[in-house]
Amino acid sequence: MPEPKWRMTGRPGNQRAYLWIMGTCVVLIVLAWFVVRLFSVPAAIGMSAVAAVLPPIAAIVANNRQD
């Protein structure tokens with residue numbers, strides 16, 4: 001059976017950190033757009049801004065190699 005091309009490589013700790021950061025990003029977006037905006041639009045905008053910064057950080061963490 002051939003190896004899947006989508007398999008993540010690298011250290012398991014980096015993969016776990018990537019998934020936690022991206023999961024946090026998704027939770028922030030969902031909460032900001034569907035819950036927080038009903039009470040405070042500026043807070044929802046702030047949460048969305050933080051969520052927009054997280055994916056590049058997650059990519060840096062996932063690609064960090066400490067050999």
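Details
- Residue pairs whose Cβ atoms lie under 7 Å apart, separated by 6 or more positions or on different chains, with the first residue in the stretch 12-25 and more than 23 Å from Met47 (Cα to Cα) and in a helix (DSSP H, G or I) and the second modelled with pLDDT under 90 and among the polar types (S, T, N, Q), are Asn14/Asn64.
- Pairs meeting the criteria (first residue in the stretch 26-42 and farther than 19 Å from Leu54 by Cα, second residue open to solvent by 90 Å² or more (accessible area, probe 1.4 Å) and among the acidic types (Asp, Glu), beta carbons under 9 Å, at least 6 apart or on different chains) are lacking.
- Residue check, Ala43 at pLDDT 95 or above, out of contact with any His (no Cβ under 7 Å at 6 or more places or on another chain), assigned to a helix (DSSP H, G or I) and surrounded by 14 or more Cβ atoms within 10 Å (Cβ to Cβ): no
The values are calculated or read from the model by the stated rules, or taken from the named source; none is laboratory data. Quick caveat: nothing in here was measured; it's all calculated off a predicted structure. Ideal geometry is used to build each Cβ from the backbone, glycine not excepted, and the neighbour counts take in all protein chains shown. These area figures cover heavy atoms from the full protein model, side chains too; ligands, DNA and RNA do not enter into them. Shrake-Rupley method; radii C 1.70, N 1.55, O 1.52, S 1.80 Å.
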